[in-house]
Amino acid sequence: MYRSSLTAPDAFTGPDKTETNHTAFATPDESILTGVWECAPCREEIESYPVHEMMTVLSGSVTLTDADSQAQTFAAGDSFFIAKGTKCTWEITETLRKFYMIAA
């Protein structure tokens, strides 16, 4: 695992600003990526999700609120998908560790 900086520093909601990533597999052009990402509690408004992403929560939790204000919380063992272009609010309420597969 190495330190990651995908999350803006002002998005973290507490003193812990830890974010790590381990890429397990990447195609040569990085259009497909898999790995494990971990991040401290944070909240981000996402106008357009940048990739197609399938995730499985390994620990912690995240709440996603869609453009219609419908919220869903995902915790350990839950899998979910976010389509590229989705407008949402991403809120990690407990340090999140997830396995991901990204298709750019």
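No lab work stands behind these numbers, since they all come straight from the coordinates. These numbers were taken from a predicted model, which means no experiment stands behind them. A quick note on method: Cβ atoms are made from the backbone with ideal geometry, for glycine too, and the neighbour counts reach across all protein chains shown.
I need a count of the residues in region 54-74 that are of a type in the set (A, V, I, L, M) and closer than 19 Å to D16 by Cβ. I'd like the intermediate steps shown before the answer.
Step one: of region 54-74, the residues of a type in the set (A, V, I, L, M) are 54-55, 57-58, 62, 64, 67, 71.
Now narrow it down to the ones that are closer than 19 Å to D16 by Cβ: 57-58, 62.
Residues that pass the stated criteria total 3.
Could you list all residues from region 47-102 that are in a strand (DSSP E or B), of a type in the set (A, V, I, L, M) and surrounded by fewer than 13 Cβ atoms within 10 Å (Cβ to Cβ)? Working first, answer last.
Of all residues in region 47-102, those in a strand (DSSP E or B) come to 52-66, 71-75, 79-82, 88-102.
Of the ones still in play, those that are also of a type in the set (A, V, I, L, M) are 54-55, 57-58, 62, 64, 71, 75, 82, 92, 96, 101-102.
The one that is in a strand (DSSP E or B), of a type in the set (A, V, I, L, M) and surrounded by fewer than 13 Cβ atoms within 10 Å (Cβ to Cβ): A71.
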For region 27-46, give me the residue count where each residue is in contact (Cβ under 8 Å) with a residue 24 or more places away in the chain and not in a strand (DSSP E or B). 4
Of I92, I102, I82, the only residue that is touching a Pro at 6+ places or on another chain (Cβ under 7 Å) and aliphatic (A, V, I, L, M) is I92
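Kindly provide the set of residues from region 80-103 that are farther than 25 Å from D16 by Cα and not aliphatic (A, V, I, L, M), ordered by number.
If we filter region 80-103 for residues that are farther than 25 Å from D16 by Cα, which is where we start, we get 80-87, 101-103.
Matches in region 80-103: F80, F81, K84, G85, T86, K87.
May I ask you to say which residue of A71, A83 is more than 12 Å from the chain's Cα centre (by Cα) and without any contact (Cβ under 8 Å) to a residue 24 or more places away in the chain? I'd like the intermediate steps shown before the answer.
Working: A83 fails: without any contact (Cβ under 8 Å) to a residue 24 or more places away in the chain.
Among A71, A83, only A71 is more than 12 Å from the chain's Cα centre (by Cα) and without any contact (Cβ under 8 Å) to a residue 24 or more places away in the chain.
I'd like the full set of residues that are polar (S, T, N, Q), in contact with a Gly (Cβ under 8 Å, 6 or more places away or on another chain) and over 21 Å from T86 (Cα atoms), limited to region 3-53.
Of all residues in region 3-53, those polar (S, T, N, Q) come to 4-5, 7, 13, 18, 20-21, 23, 27, 31, 34, 48.
With in contact with a Gly (Cβ under 8 Å, 6 or more places away or on another chain) added as a condition, the list becomes 21, 23, 48.
N21, T23 - these are the residues of region 3-53 that are polar (S, T, N, Q), in contact with a Gly (Cβ under 8 Å, 6 or more places away or on another chain) and over 21 Å from T86 (Cα atoms).
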Which number in (1) exposed (fewer than 15 other Cβ atoms within 10 Å of the Cβ); (2) of a type outside the set (K, R); (3) assigned to a strand (DSSP E or B); (4) touching a residue at least 24 places away in the same chain (Cβ under 8 Å) marks the one condition that A24 misses? (4)
Among the residues of region 38-58, is any over 14 Å from A104 (Cα atoms) and among the aromatic types (F, W, Y)? no
